[in-house]
1. Quick one: compute the contact order of region B:140-233, relative version, from alpha carbon pairs under 8 angstrom and 6+ residues apart, as a percent.
2. Rg (Å, one decimal) plus Dmax (Å, integer) for the alpha carbons of region A:80-130?
3. Restricting things to alpha carbons, tell me how big region A:65-179 is in terms of Rg and Dmax, in Å.
4. Taking a ≥ b ≥ c as the square roots of the Cα gyration tensor eigenvalues, with a/c under 1.5 meaning rounded and otherwise prolate when a/b beats b/c, else oblate, which class fits region B:216-272?
5. Using a 1.4 Å probe on the protein heavy atoms only, what accessible surface does residue A:62 show? Give it in Å² to the nearest 10.
6. In whole percent, what relative contact order does chain B give with Cα contacts below 8 Å and a gap of six or more residues?
7. Highest GNM mean-square fluctuation, chain B, Cα pairs closer than 10 Å: which of B:29, B:247, B:115?
8. Please list, in order along region A:80-97, the HN-Hα scalar couplings obtained from phi with the Karplus expression 6.51 cos²θ - 1.76 cosθ + 1.60 (θ = phi - 60°), rounded to whole Hz, x for Gly and Pro.
Amino acid sequence: MTAPTALPTRASHKPLPAPQRPRTSPNKFLKRAPVQILIAILLVVEIYPLVWLFMGSFKTQDEFLNSPVWALPQNFNLDNYVEAWTTGNIATYVGNSLIATIPSLFLIVLFGVAAGFALEVLVWKGRGTVLLVFLAGIMVPGQMILLPLFSAYFQVGLTGTLWPLIITYTATGLPLTVFMMATYFRAVPREVFEAAALDGASMIRAFFSIGFPMVRNAVFTVALVQFFFIWNDLLIALTFTNNADLSTIQVGLLNFTGEFGAVQYGPLFAAICINVLGTLVLYLFLNQRVMKGLAGGAVKG
Amino acid sequence: MNNVLGDKKAIVVLLGPALVVYTVAMLLPVFWSAGYTFLSGNAITGFTFAGFSNFEKLVTDPAVGEALWFTLRYAVVITIGQVLLGYMLSLLYVFALKRGSSLIRTLVFFPVVLPTVAVALLFQKMFEIAPQNGLVNSALNAVGLGSIDWLGDGSTAFLVIVIMDLWRSMGFYAVLLYTGLVDIPDDILESARLDGARGLHLLRHIVLPLSLPVLLSSIIFSINGTLKVFDSIVALTNGGPGSATTPLTLLMFRTSFTYGDYGYGSSIALLLTILCLVVTLFIFRSSRRDLTKD
């Protein structure tokens, strides 16, 4: 629970400290009312669709067709979830997503942080140019690299495996990671590494035993952001997994309506729900880091 | 000391892997893809040299014109919506909610991390008309209005896309702009208040100018993202009805993988890339100029 502690400290130095002249209370209440109503509307708009989705995931086909859409489900049995998980292959899709996501994340972090270190802490000619070359990658749309990669994977014989996804995710995740890590390393004093060198550590050693641990928190934030990008990706997964056994959860979900027929509401709602709930739980645990990480990545992009 | 920090071996070992992967799987493909624009055919059937015919087709093809028009319309509408709603939310966080804003921010941010495909399917069901009325049409019926075939008509489908994408993303822009607003020094706001600036006046003359840099980076980020829109549209309308909601990204995908025309597909991708580059540089330059003027 980082939420209640981390942000109020930030916000609390902001509100008008000096002239909080006491106003008459009814006047103040009237002034607050529009804000309260606005917030209430906001919360309904943000949350109700998700509640509706959640309720729908428990309804039977009969309830979908014969009760009003906002009715609560008659009972909370898990039949729809079981059906989605087994018949709907959601288990396979989640497995594929994990197999594609975890190695990609590992490689992005390892390569990206090392490159950020080499580009920011180490001193050499041309490092500014190389950083710019990485930066340019942030602007390139995925569509621009799809076809050559598709041909290359086909010729090398990687189609039919999840390797194309791992390689492509790693490559597309690197620009933002390298750039953000270079920015974080800027804040670490050079003297730390010079001292390590005086003690006889090589720069490779200094990176692994000093540099990497020092930016640990930033690494975690960046990895989290990259996780959401990769987990939620559709374009790359759709291009390189033309076989249902290799589909990631997003591709599987997209084709889900097809498998069950458009009218099988319950399992479809359950499948969407599995996808949404998993992400939400992760987000609720780590929301401050996710927000900061995404915002940090955005300003630089 | 620079000798140690300039250790050649360390540079190769640390930068090497990232540079190799990035070059092989991203940089080279960009140029390779640009090369495809002069060919026709695909990897399986083989390529033939096509000269500039792909570019001629690009200019005359009505599908490209339609997709370009949709992409631009979408980018402009969503960017304005995202930044405007985000800015209003961030003002709400900073000036109206203060201490309690953390919880609200967390909740409004929810949809940002949700998988787009899942959100799109949810909205598809909410705006559904057949075989069963969705949430929106049921609500319309309840107040005595008729159902609308939201996704069956180009203009209402565009509206649903806009509603969904704003719902998904406004919390993100709110947080982004919030970080900019929090950085405004308190004493400036204080002295403006002492000089009698209140409400809209304070916003117009103090808050807005001071948050201009973060507003501009939000706009750059938003345009860059919206020009590349793919997931949400594929999952919500799949470009339809007809081709009414097909952006350049989806047209490129179809041309390449459904019709197997890599050369023409690459030309569309190149058009998109140039569009992103030009827009980003243009806004970046104009924002630079504004900043130096201050």
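1. Relative CO of region B:140-233 lands at 29 percent.
2. Reported Rg and Dmax, both Å: 19.9, 60.
3. Using the Cα atoms of region A:65-179, the pair Rg, Dmax is 21.6, 72 Å.
4. Because a/c hits 1.5 or more and a/b fails to exceed b/c, region B:216-272 counts as oblate.
5. Number for this one is 100 Å².
6. This gives 28 percent for chain B.
7. Ranking B:29, B:247, B:115 by mean-square fluctuation puts B:29 first.
8. Ordered by residue, 3J(HN,Hα) equals 4, 5, 4, 5, 5, 5, 9, 5, x, 6, 4, 4, 4, 4, 4, x, 4, 4 Hz.
The values are calculated or read from the model by the stated rules, or taken from the named source; none is laboratory data. Just so we're clear, the structure is a prediction, and the values are computed from it rather than from any experiment. Counting neighbours? That spans all protein chains shown, and the Cβs are built from the backbone with ideal geometry, glycine included. Please note that ligands, DNA and RNA were not included when accessible areas were found on the heavy atoms of the full protein model with its side chains. Shrake-Rupley method; radii C 1.70, N 1.55, O 1.52, S 1.80 Å.
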